[in-house]
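First the structure, in the form of structure tokens, and then the observations on it.
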Amino acid sequence: MQDFLRRCAACLCVVFVLGAAFVMMEFNFSKSSIILNNRPKTEKAKDIYQMKFLSARNKSSQLTRPPSRPITTRPAPTHYVTVNFEGRLGNQIFEFASMFGIAKHNNLIPVIPPNSLLRRIFKITLGNTRPEIQMNRRYNEKKGCTFEPGLMSLGGSQNVWIKGYLQSWKYFQHAEKELRKQYTFQDHIALKAKSTFQSVISEKKISPDIVFVAVHVRRGDMKNNKNFVNYGYTTAGVDYLERAMNKFRKDFNNKVLFVVGSDDLKWCRENLKKEDTVFIPPGNSPEMDVAILSNCNHAVMTVGSYGWWTAWLIKGRTIYYKGYPTPNSSLAALFKKEDYYLPDWIPM
């Protein structure tokens, strides 16, 4: 009998505890409902929206999550590619850059001659061409300033020698980060360029928020060589330069200093006379001038690959002369503007 009473007492205790817990749950739920109902309508609607959104997102992620796939890596490249370097500095920078991008895309090893002009200017880390590397495939470019997709489908099973100027950003856009490392100036060039730049801009009173704009003016052979002119090379006039410079003046509330480099400084000094303009002194090497100008924030380019690379190295806003090359000329037949000029550069 006593055992029966003890069991009944235990059962009553359990029932009492469960009942108390149920009452507390009801009380808390009612309290939460009162708080929710007393909040502003916008907050209640927001809560409801968030609950629906989270529910839908969870369902969607469960339905659309792609199956996991194994991570694949490309095999190490086993064949080489090089380019026939020709022309002056701007041309050779293009040739190297395009070869670099073509190599990366085709899983080839880019190599250049040990005595390349670019090695003494930039901190290039590529290997050298060697006699034992037999280039058993040759590719001749068809148009110098037009992207040729065939160069991006060479494959990696043969050594390739490329002949051409390869002047299109599309060959190396996918390798820009690595390419910019290759195009780091040698220390002695960078230091001298920085010192010269500081000396040039010190001619003017500089405010902390001033913006420096490089202006590269190519004239020389493109103006005076009749064969070049007849072929389609042309130069930008002072009207273009003034419009481009005024665009920067307007955009930056006249807090601009233009740093001019040119192969015809006499003409530039005679035509660009405003107080917000300074000039790189003559007598520098071509690589020194581009290194000096690369200290600027933005660029105005006229014509030619030298100005093109000045703008690319600056990596700011660029305005270019849209009258190049001469329409309907032999050069224009080899030239595709959307392949040559970067899509965010501004024609004028």
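The values are calculated or read from the model by the stated rules, or taken from the named source; none is laboratory data. Bear in mind the structure is a predicted one, so any value in this text is a computation, not a measurement. Cβ sites come from the backbone with ideal geometry, for glycine too, and all protein chains shown count toward neighbours. Each accessible area value is taken on the protein alone, full model and side chains, heavy atoms only, with ligands, DNA and RNA left out. Shrake-Rupley method; radii C 1.70, N 1.55, O 1.52, S 1.80 Å.
Pairs are defined by a Cβ separation below 9 Å, a sequence spacing of at least 6 or placement on different chains, a first member in the range 170-184 that is more than 19 Å from residue 153 (Cα to Cα), and a second member that is of a type in the set (S, T, N, Q); the pairs so defined are 181/125; 182/125.
For the range 231-264, what are the residues that are open to solvent by less than 10 Å² (accessible area, probe 1.4 Å) and assigned to a loop (DSSP other than H, G, I, E, B)? Of everything in the range 231-264, those that are open to solvent by less than 10 Å² (accessible area, probe 1.4 Å) and assigned to a loop (DSSP other than H, G, I, E, B) turn out to be 232, 236.
Every residue in the range 195-218 that is among the hydrophobic types (A, V, I, L, M, F, W, C) and open to solvent by less than 60 Å² (accessible area, probe 1.4 Å), please. Give the steps one after another, and end with the answer.
As a first pass, look at the range 195-218 and keep what is among the hydrophobic types (A, V, I, L, M, F, W, C): 197, 200-201, 206, 210-215, 217.
Hits for the range 195-218 are 197, 200, 201, 210, 211, 212, 213, 214, 215, 217.
The set of residues from the range 284-333 being in a helix (DSSP H, G or I), closer than 15 Å to residue 218 by Cα and β-branched (Val, Ile, Thr) comprises 290, 310. Per the conditions (1) open to solvent by 40 Å² or more (accessible area, probe 1.4 Å); (2) of a type in the set (D, E, K, R); (3) more than 25 Å from residue 196 (Cβ to Cβ), the sole criterion not satisfied by residue 339 is (1).
Test residue 85 against the stated conditions and say whether it is of a type outside the set (Asp, Glu) and within 23 Å of the chain's Cα centre (by Cα). In short, no. Filtered by the rule that a residue be within 15 Å of residue 296 (Cβ to Cβ) and charged (D, E, K, R), the range 250-280 gives 251, 255, 276. Can you run down the residue pairs with Cβ atoms below 7 Å, 6 or more apart or on separate chains, where the first is in the range 325-348 and farther than 20 Å from residue 300 by Cβ and among the polar types (S, T, N, Q) and the partner is open to solvent by less than 40 Å² (accessible area, probe 1.4 Å) and part of a loop (DSSP other than H, G, I, E, B)? Close Cβ pairs satisfying both conditions: 326/232; 326/234; 329/232; 330/232.
Can you find even one residue in the range 185-194 that is outside any helix (DSSP H, G or I) and surrounded by 15 or more Cβ atoms within 10 Å (Cβ to Cβ)? Full working, then the answer.
Within the range 185-194, the first condition is being outside any helix (DSSP H, G or I), and the residues that meet it are 185-186.
Pick out the ones that are also surrounded by 15 or more Cβ atoms within 10 Å (Cβ to Cβ) and you get 185-186.
Yes, some residue in the range 185-194 is outside any helix (DSSP H, G or I) and surrounded by 15 or more Cβ atoms within 10 Å (Cβ to Cβ).
Filtered by the rule that a residue be crowded, with 16+ Cβ neighbours inside 10 Å and either of a type in the set (D, E, K, R) or in contact with a Pro (Cβ under 9 Å, 6 or more places away or on another chain) (or both), the range 135-175 gives 141, 143, 145, 148, 156, 169, 170.
Evaluate the range 298-305: report whether one residue or more is in contact (Cβ under 8 Å) with a residue 60 or more places away in the chain and at positive phi. There is at least one residue in the range 298-305 that is in contact (Cβ under 8 Å) with a residue 60 or more places away in the chain and at positive phi.
Could you tell me whether the range 106-113 includes any residue that is over 21 Å from residue 131 (Cβ atoms), touching a strand residue (DSSP E or B) at 6+ places or on another chain (Cβ under 8 Å) and modelled with pLDDT of 95 or more? The answer is yes, given that some residue of the range 106-113 is over 21 Å from residue 131 (Cβ atoms), touching a strand residue (DSSP E or B) at 6+ places or on another chain (Cβ under 8 Å) and modelled with pLDDT of 95 or more. Residue 228 meets the conditions (1) open to solvent by less than 30 Å² (accessible area, probe 1.4 Å); (2) touching a helix residue (DSSP H, G or I) at 6+ places or on another chain (Cβ under 7 Å); (3) not basic (Lys, Arg) in every case but one. The failed one is (1).
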